[in-house]
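Worksheet: the structure to be examined is printed underneath.
The values are calculated or read from the model by the stated rules, or taken from the named source; none is laboratory data. Predicted, not measured: the structure shown is a model, and the values here were computed from it. We work out accessible area using only protein heavy atoms, side chains counted, and drop any ligands, DNA or RNA first. Shrake-Rupley method; radii C 1.70, N 1.55, O 1.52, S 1.80 Å.
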Amino acid sequence: SPDMVLKIISMHDNRYNLFDYGELRSSLKELVVLRYMHDSPHINRIYSYYYNSPVLYILLEKGSKNLNQHIKNNTVDERCDRIDNVWLNDGKNIVKGICGGLAHLHSIDYIHGDLHPANILVFDGNPCVAKLMDFGLVKKD
């Protein structure tokens, strides 16, 4: 079975002890995009979801790390006078994954709205794979 992670989103605003409709709207947009784009190899896969007010549970594909962590773990040693092919190939595959995810998202008239290294999931392997994640701020173009 594939590695999975459970994302838990509370719709309760503890500051005011109220139901947070903004969080609900953001979470529902994310669910719609994930369900609509389930066939893209460059988008984080959703397996299932369950809503039990005020909490939404989303079962997602689990990557190895986000792009921030990948970069920190794979910095080029300053003493090296060259960059090895593995590092270059990882970079190419990551860019390919990001561009593929954005192309798929834009082809259905959506804008990610929150694209940064922490929202790019990297799967270790040969070759490594990158996928877009966190669609809470997605907008219809």
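List of remarks:
- Pairs beyond 23 Å (Cα-Cα), from Lys7/Lys96; Lys7/Lys92; Lys92/Lys140; Lys29/Lys131: Lys7/Lys96; Lys7/Lys92; Lys92/Lys140
- 1.4 Å probe accessible area per residue over the stretch 101-141, in Å²: 49 Å²
- Among the protein heavy atoms of the chain, carbon and sulfur supply 53% of the accessible surface, probe 1.4 Å, non-protein parts ignored.
- Averaged per residue, the stretch 1-48 has 67 square angstrom of accessible surface, using a 1.4 angstrom probe with ligands and nucleic acids left out.
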